[in-house]
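Working notes, structure below.
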Amino acid sequence: MQLPNLKQYCHLMKTDRDLLFRLDCDYVFRDVYAPSEELLALPADSFLNKRLEDIFPPDTAGKMRAELNRLSGPENLQPVAMYYSLRMQGHIRYFSAEVYRETDGEGNCFLLAVVTEVPAGNTHPDFFSLGLDLMCLADLEGRFVRCNPAWTTRFGYREEELTGRSVLEFIHPEDRKQTLVFFRRLERTGELRGFVNRYQGKDGQWCWLEWNAVYKEGFYYGTARDITGQMNLESRLRASEMNFRSFFDTLDDMVAVLNPEGQILYVNDALLAGLGYTVSDLYGSFFFDLMGAALPARPVPVMETMLSDRRTALSTLRTCTGEYLICEIQIWKGQWNGATGIFVLSHDVTELLKRDKILNR
């Protein structure tokens with residue numbers, strides 16, 4: 001049985017605006033039909049007997065193969081939808097394609113691709129009316145297709161200055177490798193949240209962005225919010241924590257920083273030397289376990305009482321040998337690494353009390 005030619009297919013589908021391609025099951029172009037040469041943009045002969053990799057960039061061809069493989073099984077009769085872009089005569093053009101699996105009279109399978117050009121300026125317009133965050137659409141090659149006006153407001157670039165350019169051009173060199181990893185993961189999972197990288201504005205300044213993105217039918221859809229202020233604050237908090245650590249390590253008194261549940265987050269050198277523990281012995285353990293029998297069964301209310309009264313209490317601290325030091329302990333609340341921290345200052349008065357006891361005899 002002879003196959004109808006693609007012009008007949010086009011007539012049967014009642015369309016004169018689409019490109020039609022016939023490919024064999026090895027994804028080699030066997031026939032091409034274009035209503036006009038302008039729509040095809042390339043001579044028809046440039047497609048014939050060529051593989052996907054001969055026409056499209058390697059990344060695009062590989063992703064097309066992955067999509068077309070979905071049509072390989074006998075049960076997969078639903079068409080596959082794809083979107084792709086090509087640079088033609090210095091301009092980037094965007095296309096959507098629906099690919100069908102057909103069978104000739106002898107039971108041989110082939111693929112029929114119906115391709116429509118998508119005007120870049122009208123691509124998915126509703127996506128950009130959703131809010132004031134940074135929004136963009138990128139193609140399979142990582143080039144901007146659309147950017148909403150927030151990009152102009154935040155970075156100073158007009159949309160036409162971004163469209164067609166690689167996203168990587170604007171990303172900090174230190175963040176480009178992890179951004180490529182982000183793209184690959186996004187293709188596998190279809191959705192990712194909370195990815196952070198740095199973009200450069202037209203004025204040369206760097207801005208931290210936090211991304212939520214989805215990948216669908218050959219396009220990356222991304223929304224981002226500016227978190228530069230938050231990142232700068234976290235940097236100052238980290239610097240402040242380092243200053244605290246340096247200051248605490250100069251003290252002769254023992255200092256511990258706890259979370260609100262009483263777990264140890266940090267201890268200074270004086271505490272390690274005074275009690276004989278190592279950092280690994282203490283980090284993550286409960287400070288009140290060091291106070292031993294000096295506390296009732298529920299130590300957290302005791303901590304809360306000391307915080308509210310802002311008074312010094314006399315308690316014991318257990319050393320690594322099982323002995324107890326008698327200490328004056330003061331507790332106050334503050335910030336540690338951007339979260340609530342409980343600061344415990346312990347002054348060893350064991351020897352002082354021993355001397356007082358001797359003098360009072």
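For residue 341, state whether it is over 30 Å from residue 246 (Cβ atoms), open to solvent by less than 90 Å² (accessible area, probe 1.4 Å), out of contact with any His (no Cβ under 9 Å at 6 or more places or on another chain) and at pLDDT 65 or above.
no
Quick one: which of 144, 170 is in contact with a strand residue (DSSP E or B) (Cβ under 7 Å, 6 or more places away or on another chain) and under 12 Å from residue 199 (Cα atoms)?
Within the list 144, 170, the selection yields 170.
Helices (runs of 4 or more DSSP H) wholly in region 1-105 with at least 2 residues that are farther than 18 Å from residue 216 by Cα, at pLDDT 80 or above and among the charged types (D, E, K, R) - which ones?
Qualifying helices (runs of 4 or more DSSP H): 52-55.
Give the residues of region 162-198 that are under 13 Å from the mean Cα position of the chain (by Cα), open to solvent by less than 30 Å² (accessible area, probe 1.4 Å), over 14 Å from residue 221 (Cβ atoms) and of a type outside the set (Val, Ile, Thr), sorted by residue number.
175, 197
Could you please find all residues in region 324-350 being part of a strand (DSSP E or B) and free of Cβ contacts under 8 Å to residues at least 60 places away in the same chain?
324, 325, 326, 328, 329, 330, 331, 332, 333, 334
Restricting attention to region 177-216, report how many residues are at positive phi and in contact with a Phe, Trp or Tyr (Cβ under 7 Å, 6 or more places away or on another chain).
Residues that pass the stated criteria total 1.
In this structure, is residue 199 farther than 29 Å from residue 98 by Cβ, hydroxyl-bearing (Ser, Thr, Tyr) and part of a loop (DSSP other than H, G, I, E, B)? Steps first, please.
Numbers: farther than 29 Å from residue 98 by Cβ: yes; hydroxyl-bearing (Ser, Thr, Tyr): yes; part of a loop (DSSP other than H, G, I, E, B): no.
No.
I need every pair where a residue in region 162-190 that is without any contact (Cβ under 8 Å) to a residue 40 or more places away in the chain and closer than 14 Å to residue 141 by Cα has its Cβ under 8 Å from the Cβ of a residue that is open to solvent by 80 Å² or more (accessible area, probe 1.4 Å) and part of a helix (DSSP H, G or I), sequence separation at least 6 or different chains.
168/176
Take the residues in region 318-338 that are open to solvent by less than 50 Å² (accessible area, probe 1.4 Å) and farther than 18 Å from residue 291 by Cβ; name whichever of them is modelled with the lowest pLDDT.
Out of the qualifying residues, it is 338.
The values are calculated or read from the model by the stated rules, or taken from the named source; none is laboratory data. None of the values given here were measured: they were computed from a predicted structure. Counting neighbours? That spans all protein chains shown, and the Cβs are built from the backbone with ideal geometry, glycine included. These accessible areas exclude ligands, DNA and RNA; they are computed on the full protein's heavy atoms, side chains included. Shrake-Rupley method; radii C 1.70, N 1.55, O 1.52, S 1.80 Å.
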